[in-house]
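The values are calculated or read from the model by the stated rules, or taken from the named source; none is laboratory data. Predicted, not measured: the structure shown is a model, and the values here were computed from it. We place every Cβ from the backbone using ideal geometry, glycine too, and count neighbours over all the protein chains shown.
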Amino acid sequence: MAHYKLYKIHLFLDGNKRICRLIFNKMLIDDHFPLINISVNKEAYFDSLILSVETNNPK
């Protein structure tokens, strides 16, 4: 939810997705989970993220 909410408010002129992923990974590390890496299928990630914001549906 933090990742979704941060991206939704679009804090920065550039770098919002990168900052959101950085914060998301920080939260995962703090809770002893492995990092996420979207480099293999980043188009699906971006499409899902944009669709979730446009439809106001974080799931």
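Observations on the model:
- Filter result for Ile19 (over 10 Å from the mean Cα position of the chain (by Cα), of a type in the set (Val, Ile, Thr) and either on the phi < 0 side of the Ramachandran plot or modelled with pLDDT under 90 (or both)): no
- Being in a loop (DSSP other than H, G, I, E, B), among the charged types (D, E, K, R) and in contact with a helix residue (DSSP H, G or I) (Cβ under 9 Å, 6 or more places away or on another chain) holds for only one residue in Lys17, Lys59, Lys8, and it is Lys59.
- Neighbours by Cβ (under 6 Å, 6+ apart or cross-chain): first from the range 1-20, without any contact (Cβ under 8 Å) to a residue 12 or more places away in the chain; second assigned to a loop (DSSP other than H, G, I, E, B): Asn16/His10
- Residue pairs whose Cβ atoms lie under 8 Å apart, separated by 6 or more positions or on different chains, with the first residue in the range 47-59 and under 11 Å from His3 (Cα atoms) and the second of a type in the set (A, V, I, L, M), are Pro58/Met1.
- Test: residue in the range 48-55 that is in a loop (DSSP other than H, G, I, E, B) and exposed (fewer than 12 other Cβ atoms within 10 Å of the Cβ): yes
- Subset of the range 27-40 [assigned to a loop (DSSP other than H, G, I, E, B) and either loosely packed, with under 10 Cβ neighbours inside 10 Å or in contact (Cβ under 8 Å) with a residue 40 or more places away in the chain (or both)]: Asp31, His32, Pro34, Ser39, Val40
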